[in-house]
Amino acid sequence: GDQVEQSPSALSLHEGTGSALRCNFTTTMRAVQWFRKNSRGSLINLFYLASGTKENGRLKSAFDSKERYSTLHIRDAQLEDSGTYFCAAGNSNNRIFFGDGTQLVVKP
Amino acid sequence: DPKIIQKPKYLVAVTGSEKILICEQYLGHNAMYWYRQSAKKPLEFMFSYSYQKLMDNQTASSRFQPQSSKKNHLDLQITALKPDDSATYFCASSQVPQNYAEQFFGPGTRLTVL
């Protein structure tokens, strides 16, 4: 979308390795969410941040409203991590914008 | 047990017809939303409801009408269907009625208009 630039659009990792996904915002956002779309098309909530960082297992996310970006780090990737990852951010005008998604494939 | 139910999962309709997409949430949330995802595009916000009242509408066409019979229901009626309406429609909910609040999504209804 115009308000959110998500990168990379596609990512291939070998099991056990890691990488980072990033969303840059064109305006100041109040909060960001990260989702994973599973093989059945359902959106799984990963993180919700209004600021700072959060960590959950092998995933870690950061959000810097002032610098207008958020990241999602994956370490020790597993096969079941494969899927499409989305960020979504909401601004003070009560608008929410989604990134185009990152298609992650984890290979043995 | 699924906390947000959308029915049906798949829907095929003919041009000009009318369909209703069903959404029920059992999270006890006060706000509900509809989003659309067309092929090769990011999710787009359509509507938000809080306590069964319309909060925000970013859908240009009046052919899309949300209907809320209960606080935990927000159906989407689409009239005079067009092939361009083909998309996956996601329902979501949040505790706090703000678009930047944490939202939880249903599994989606994939609509194909022939």
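Quick note: the coordinates plus some simple rules give every number you see, no bench work behind them. Everything quoted here is computed from the prediction, not taken from an experiment. Cβ sites come from the backbone with ideal geometry, for glycine too, and all protein chains shown count toward neighbours.
Which of the three applies to segment B:72-114, rounded, prolate or oblate, going by the alpha-carbon gyration tensor with a ≥ b ≥ c and a/c under 1.5 meaning rounded?
Taking the square roots of the gyration eigenvalues as a ≥ b ≥ c, segment B:72-114 is prolate.
What three numbers, in Å, describe the spread of the alpha carbons of the protein assembly as shown along their principal axes, ordered from the longest?
The Cα atoms of the protein assembly as shown stretch 49, 36, 35 Å along their principal axes.
Find how many whole Å separate the alpha carbon centroid of segment B:43-70 from the alpha carbon centroid of segment A:1-41.
A separation of 27 Å, based on Cα centres.
Run the Debye formula on the Cα coordinates of segment B:36-88, all scatterers equal and no solvent, and tell me log10 I(q)/I(0) at q = 0.14, 0.19, 0.22 1/Å.
One equal scatterer on each Cα of segment B:36-88 leads to -0.40, -0.71, -0.92.
Return the Cα extents of chain B along principal axes one, two and three, sorted largest first, each rounded to a whole Å.
Dimensions of chain B along the principal axes of its Cα atoms: 37, 31, 29 Å.
Pick out, in residue order, every one of the trypsin sites (Lys or Arg not before Pro) in segment B:7-70 that is DSSP loop and has at most 13 other C-beta atoms within 10 Å; say none if there are none.
B:K9, B:K40, B:K70
Could you run the Debye sum over the Cα atoms of segment A:51-108, one equal point scatterer each and no solvent, and tell me log10 of I(q)/I(0) at q = 0.13, 0.17 Å⁻¹, two decimals?
-0.41, -0.67
Around B:D85, under 10 Å between beta carbons, what's the net of Lys plus Arg minus Asp minus Glu among the other residues?
Net of charged neighbours comes to +3.
Compute for chain A: radius of gyration divided by Kirkwood radius, i.e. Rg/Rh, restricted to C-alpha atoms, rounded to two decimals.
Across chain A, the Cα-based Rg/Rh ratio is 0.96.
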